[in-house]
Amino acid sequence: LTVKMAATSAKLPQDFLWGLATASYQIEGSFDQDGREPSIWDTFSKIPGKIKDGSNGDVATDSYRLWKEDVDLLESYGVKSYRFSIPWTRIIPRGGRGDPVNEAGIKFYRTLLEELIGRGIVPFVTLYHWDLPQGLHDRYGGWLNKKEIIQDYVYYAKICFEAYGDIVQNWITFNEPWIISTLGYGVGVFAPGHVGNTEPWIVGHNVILAHAYAVKLYRDKFQVSQKGLIGITVDAHWLIPYDDTPANKAAAARGLDFRIGRFMDPIFKGSYPPSLKVILGDRLPDFTPEEIAVVHGSSDFFGLNTYTTHLVQDGGNDENMGCITTGHEKPDGTQLGRPSDAPWLQTYAPGFRSFLNHIWKVSSVTENGFPVKGENDMPVEEAVHDKDRIEYFEGYANALLQAVTEDGVNVRGYFGWSLLDNFEWADGYRIRFGVTYVDYKTQKRTPKDSARFLTKFVTWGQHEVNKFIAKLFFPVR
Ligand code: GBH
């Protein structure tokens, strides 16, 4: 296996975190064990027609039982960090601040965290990766009910800070608020499956506030002693104008306003991007002065999940993206990059470098990965030779190195998606993102070539940086 490094004198920060990521509902299974109650994804995935292959996360990769095997894999891959999510439904199964806390759930993640730390793997914990307790949705409308949901989310966060904050130094409040609000409450392809053009903006607003008040609590009560970082992760494709026309250039900028500025501008700049108001008018909620004071500055880092680049043209009526149309086909009819198994994703590493430069404050790329075309139809012996995924990671990791070493962008971590093939939401099990192949009948895990590639890349890169740092990355037990 050869590893081509663009920047041989790579200087990544000493504490740069190379890692892999997962999320609870996509891997855990054991949906009714140890006191767990349903989330909106349990309910949604069981509605006929919502998941392409009719599957759900009842078993997934069985990681609630096989978690130790997964930690073995992480260790064998030599990653420095593991990003996973804690499901609210195992901590407070019915969700509310008056509902019982589940000791079995608390204990499970404590054990997992201690195991990771014992093996020198830094945990990066997401508090919410889409699995809202169904109880809260039924009781008061979940994310639509500002007054209730903010208090319940902050209470849930508090339980986690208390239970794990002494050993968790990296918190992500929310994974991808655009997906939560827009795909869940507007387009309806994700849980809870609502369709409409008002709810997404209310939900997005409430998620920002829940995030901000949880961060305030962390900073007021925990950060001084626990000394961790807390922030939020958004998702976006890098957007390039289809051509040089002013309308398409403006469309690309507007698309970024709607996908990430919608969340990151209130947090980093103190207000929504003006382009939102133009299109949404009164449907965009306002922050009170007291609220915006809490929201502004409420993230210690800019978490970014990004997989691909889209070409943008002005027009269309998809107001969720600011009335733009996107695709991968260039004006000359050729494709931007290599197609994957998911229609929305093509390889385009130069776009990644541009994106990192655009968000010069970026602190952590919290997801980045590739489903090889046709992989699900291959036998395992073939699937593990995932050349296209290696090419993808190689291109993106080198783009990252260049952004840091040549462009001076401050990137602090990189998490490949994903440690395992897993439940790919509405696509079910048909699309595989893992660097580890999972046989869903036996739950046997087989490392793919891309896992070994990442190990080499990380090892080699650190070795070049400086042998001492290499030791920090791979603590000898
Ligand atoms: C990440 O979201 C998620 O955080 C992670 O859980 C997931 O497994 C990973 O992506 C891979 O998809 O265009 O209508 O087909 C990234 C944002 C959200 C982009 C869903 C693709 C597909 C919806 N993704 N979206 S659609």
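The values are calculated or read from the model by the stated rules, or taken from the named source; none is laboratory data. The structure presented is a predicted model; accordingly, all values stated were derived computationally and were not measured. Here Cβ is always computed from backbone atoms with ideal geometry, including for glycine, and neighbour counts include all displayed protein chains. In case anyone asks, the SASA skips ligands and DNA or RNA and just uses the protein heavy atoms, side chains included. Shrake-Rupley method; radii C 1.70, N 1.55, O 1.52, S 1.80 Å.
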Whole-percent carbon and sulfur contribution to the accessible surface of the stretch 169-320 (1.4 Å, no ligands, DNA or RNA) stands at 57
With every protein chain in place, the accessible area of T198 for a 1.4 Å probe, in Å² rounded to the nearest 10, comes to 60
In the stretch 325-388, what percent of the accessible surface is made up of carbon and sulfur (1.4 Å probe, ligands and nucleic acids excluded)?
55
Using θ = phi - 60° and the Karplus curve 6.51 cos²θ - 1.76 cosθ + 1.60, what whole-Hz ³J(HN,Hα) does each residue of the stretch 141-155 get, with Gly and Pro shown as x?
x, x, 5, 7, 9, 3, 4, 7, 5, 5, 5, 5, 5, 5, 5
Per residue of the stretch 305-320, what does 6.51 cos²θ - 1.76 cosθ + 1.60 with θ = phi - 60° give for ³J(HN,Hα)? Whole Hz please, x for Gly and Pro, Karplus curve as stated.
9, 8, 10, 7, 10, 10, 8, 10, 10, 5, x, x, 10, 7, 5, 4
Can you give the helix-only mean residue ellipticity at 222 nm for the chain, where every DSSP H stretch with n ≥ 4 adds -39500 (n - 2.57) and the sum goes over all residues, rounded to the nearest 500 deg cm²/dmol?
-11500 deg cm²/dmol
Using a 7 Å offset from the Cα along the Cα-to-Cβ direction at both D377 and V101, what is the distance between the two label points in nm, to one decimal?
5.1
Please report the carbon-and-sulfur percent of the accessible area for the stretch 44-159; probe 1.4 Å, protein heavy atoms only, DNA, RNA and ligands left out.
54
Run through the stretch 368-454 and list the GluC sites (Glu not before Pro) located in a DSSP loop whose Cβ has at most 13 other Cβ atoms within 10 Å.
E406
Averaged per residue, what accessible surface does the chain expose to a 1.4 Å probe, in Å²?
37
Stick to Cα atoms and the Kirkwood definition of Rh, then tell me Rg/Rh for the chain.
0.93
Shape of the stretch 227-375 from its Cα gyration tensor (a ≥ b ≥ c, root eigenvalues): rounded if a/c is under 1.5, otherwise prolate when a/b > b/c, or oblate?
oblate
Once D72 and E290 are pulled to full extension, the length gained, defined as 0.36 nm per residue separation minus their Cα-Cα distance, is 73.8 nm
With at most 15 neighbouring Cβ atoms within 10 Å, loop chymotrypsin sites (Phe, Trp or Tyr not before Pro) (DSSP) excluded, longest segment of the chain:
1-343
Going from most exposed to least, what order do V122, V189 have by accessible area with a 1.4 Å probe?
V189, V122
To the nearest 20 Debye, how big is the dipole of the chain about its Cα centre, given +1 on the beta carbon of each Lys and Arg and -1 on that of each Asp and Glu?
1040
Distance between modelled label sites at K249 and R283, nm, 7 Å Cα→Cβ extension:
2.9
Express in whole angstrom the spacing between the alpha-carbon centres of the stretch 269-306 and the stretch 41-101.
30
Report ³J(HN,Hα) in whole Hz for each residue of the stretch 47-55, in order, from the Karplus equation J = 6.51 cos²θ - 1.76 cosθ + 1.60 where θ = phi - 60°; Gly and Pro get x.
7, x, x, 7, 10, 4, 9, x, 8
Stokes-Einstein diffusion coefficient of the stretch 57-191, Kirkwood radius over Cα pairs, 10 °C, 1.306 mPa s, in µm²/s:
100
Given a cut-off of under 8 Å on Cα pairs at least six residues apart, what relative contact order in percent is computed for the chain?
19
